[in-house]
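Some notes on the structure that comes next.
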Amino acid sequence: MEEGTILQVLKQFFGYDSFKPHQREIIESTLKGHDSLVLMPTGGGKSLCYQLPAILMEGVAVVVSPLISLMKDQVESLRMNGIAAEALNSSAPQSYQDMICRHCLSGDIKLLYISPERLMVEVDKLFSTLKISLFAIDEAHCISHWGHDFRPEYSQLGMLHERFPGVPIIALTATADKLTRQDIIRQLHLEVSEQQGVYISSFDRPNLSLKVLHGYSQANKDAYIVNFIRNHEGESGIVYCLSRKSTEQLANKLKRQGISAASYHAGMTASSRDRVQEAFRGDNIQVVCATIAFGMGIDKSNVRWIIHYNMPKSMEGFYQEIGRAGRDGLPSDTILFYSLQDVVQQSHFIMDSPDEEQRKTNQEKLRRMRQYAESSICRRRILLNYFNELYDKDCHNCDVCHNPPKTFDGTIAAQKILSAAARTQQRRSATVLIDILLGHSTDSIRRNRYNELPTFGIGKEYDERHWRDYALQLLQMGYIEIAYDEYNAVKITSLGWEVLKGQHQVSLVDNPTIVRETVKKHQRQLRLTLPTIESSALPDQDLLKALKALRLELAREQGVPAYIVISDKVLTAIATVKPTTIAAFGQISGIGAHKQALYGAKFVALVKDYHS
C-alpha cells in the first residue's frame, strides 16, 4: 500500500494531515496481515489504528467492545466521518440486527462492532460466511486477571486465531503494565513479542493537571467540590466515588446547590443508567457522581475535569479514569482526595479475594497507589515511571511541582541502593537491600552470605525509615522497578545503571513529609486556558460561544451528542482561524471531506456574519 494512499484516506475521512506516534507503523503492519498489541493513552488515537486499515482492506473489520454505549459512540463518530459502521447487539430489534447481517454479507459495512458474548454466537453463523479483514480487541486489558478491569467473557477470545487463520488481530488498551501485556499476548495467541509487534506510545497527557488533597473531612470535600464546579461553569466533569451510597449523597448535595448533577452506579436499573449517560453525553447534565462503572462506555471528548472522591485501588484504574478528561487535548484538571480510611477500605476489599496470588498483587498495586498520593516527587514522574516510561524531569503541571520540596544531591545514597541490588543479582526485595546497607546480620543475610558483600553495612548514616523512602523515590523516578512476579525483586532500569556508573546525578527529597493542604474559605479559581493555535493566536471567545450554540443546534437536529458533530478542539481552531470559505474550513485539522460537505456552509456563514 502506497503511503500516499494512506495519507489520502487519513485526510479524506478523518481530516488529519499527519499521524500521531506509532499510528503509521501499526496501520502498515495491519495492512500486511500482522498482529499488534497497542498501548496508547486515552485520546492518543488508538481507534484510528484499526479504522483506517478497515477502510482500505477487503471485507468487514470486526471490533470487539465491552459496552453497548462505547459501540454507539464509535459508530456515530464513524458515520459522521462518512464511514459505514454498525453495532450488532441485543439493544436493537431483531429485524434491525438481521438487516445489519445482510449489509455485512453484501459488503456495505466496513466496521462491525460487537460484544465478546455476541461474537461467540456469530462465530458459527454470520462469521462463517463473512469476509473478515481484521479483528480489533478494544479494552484488551479486560482479558487479563492482572488487569484492573478483568471480564471473564473476554477469556474466550483466544480461539480467534485458530478459527480465523490469516486474519490479523490488533489488541488495544490505554493501560497495561508488563504482566498484563504478557497475559494479553498469551491469551490471544498474538504473534508478537515485546521487541516486535508491541507498540507503546507515551503515556504522558501533559494537558492534564495532577493534584492530590490530603486529610479532608467529608464536609470539606463537598464544599471544595461545590466551589470547584462553580469556578468551572458549563464544563462537564465526573466525580468518582467508592460506594453507591456516596454517589447518591453527593449528587443530591450538588443538586441542592443548583448544580446539574446525577448519580450513576451498578445498583441502578439499566434504563436509569442509560438515561444518565445519554444526558451527560448530550451536555444536559454537567456532573456525574459515579462508581468506576461509569466512563468506560463513552468517548465524550469535552470532559474538562475528573475528581476522585476516594483513592482508587490501582494506578492502572486511576490513569484510566483521569484519562477521560481532556480527550480533545485541551487543558483539563484532575483532583484526588486521599485519606487513610480509603486505604483501609480498599484493603478490606482486597482481603476478600480467595486467590492468594491475586491478593498479593492487588495489595502491591494499592501500595503503589498510596505512594503516589503521599509522595513529594513530581506526580507525573511517578505515574509515567509506573508504566515503565522513563521520565526524568519535573512536569510543572502538578501540585508538587507548584510547591516543590527541599532536595539534596542524593547520588551517593542512590548508588548504594543500586549497588546492593546489583550485588544480589537483582533478585532481592527492597527490604533485604536495606538490611544489607544497615548491616543487619539476619538469618537470611548470613545464609545467602550477603554479610560478605562490600555493600554490607555501608549505609549506617541513615536510619531504616530514610532508606525506605529513598528507595521509594528511586522507584518513583524510574531508576529501579519492582518485579511483582519475582517476589518483589528490585530491578535496575537503564537510567539506574547510568547512576551506578556515575553518569547521572540524582536529587532526593530531604526529610520528606506529607504536605497536607488546609481548606481555605475561598479556594483558588482554576480557569481553563486554551492552547495557542498556530503562532500566538488565541480563539475569539464570543465567536467560540456562537459556534458552540450552532453545534448544539446541529447535534439536536441529528440526535447525537455535540462533541460527535465537532470537538471542542476543532471549534477552538475555527474560532481562531475564522475561515470564510468552505475550502478554508476543510483545511482545519479534524475536518474530513464528509464534515466539510455536511457542515461547511453553516459554520462559514456564521463566521462571515460574525465578521460583518
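Which length gain, in nm to one decimal place, applies between residue 510 and residue 542 when the Cα-Cα distance is subtracted from 0.36 nm times their residue separation? 6.6 nm is the gain from fully extending residue 510 to residue 542. Only helices enter the 222 nm calculation for the chain: every DSSP H run of n ≥ 4 contributes -39,500 (n - 2.57), and dividing by all residues gives -13000 deg cm²/dmol, rounded to 500.
Orientation-averaged projection of the chain equals 29.9 nm² [convex hull of Cα atoms, one quarter of hull surface area]. Based on the alpha-carbon gyration tensor of region 329-469 and its eigenvalue square roots a ≥ b ≥ c, which shape applies: rounded if a/c is under 1.5, prolate if not and a/b is larger than b/c, or oblate? Judged from the Cα gyration tensor, region 329-469 comes out oblate (a/c at least 1.5, b/c at or above a/b). Of the beta bridges in the chain, as assigned by DSSP with both residues counted there, near 10 percent are antiparallel. Cross-link reach is defined here as a Cα-Cα straight distance under 22 Å, omitting same-chain residues fewer than 8 places apart; for residue 131 the lysines meeting it are 32, 110.
For residue 253, go through the aspartates and glutamates and keep the ones whose alpha-carbon is under 18 Å away, minus same-chain ones fewer than eight residues off. In chain and number order, the partners are 222, 233.
About its Cα centre, the dipole of the chain is roughly 1380 debye, where the only charges are +1 on Lys and Arg Cβ and -1 on Asp and Glu Cβ. At an R0 of 35 angstrom, the distance between the Cβ atoms of residue 392 and residue 589 translates into a FRET efficiency of 0.65. For the peptides 153-166, 490-503, the ranking by packing is 490-503, 153-166, with the highest mean count of neighbouring Cβ atoms within 10 Å listed first. Near residue 328: Cβ cut-off under 11 Å, other residues only, Lys/Arg at +1 and Asp/Glu at -1. The net charge is +2.
Structural descriptor for the chain: relative contact order 15 percent, calculated from alpha carbon pairs under 8 angstrom and at least 6 residues apart.
Distance between the C-alpha centres of region 70-101 and region 352-430: 44 Å, rounded to the whole angstrom.
From the alpha carbon centroid of region 181-239 to that of region 546-576 is 25 Å.
Of 11/300; 125/595; 46/608; 178/569; 548/578; 211/545, which pairs sit farther than 25 Å apart, going by alpha carbon to alpha carbon? Write out the running numbers ahead of the final one.
Details: 11/300 22 Å; 125/595 36 Å; 46/608 36 Å; 178/569 33 Å; 548/578 14 Å; 211/545 29 Å.
Those over the limit are 125/595; 46/608; 178/569; 211/545.
Considering only alpha-carbon pairs that sit under 8 angstrom and 6 or more positions apart, the relative contact order computed for region 20-89 is 23 percent.
For region 108-139 versus region 463-513, the inter-centroid distance based on Cα atoms is 46 Å.
Taken together, the values in this text are just the output of simple stated rules run on the coordinates, not laboratory data. Here the structure is a predicted model, which is why all the values come from computation and not from measurement. Note that each Cβ is placed from the backbone with ideal geometry, even for glycine, and that neighbours are counted across all protein chains shown.
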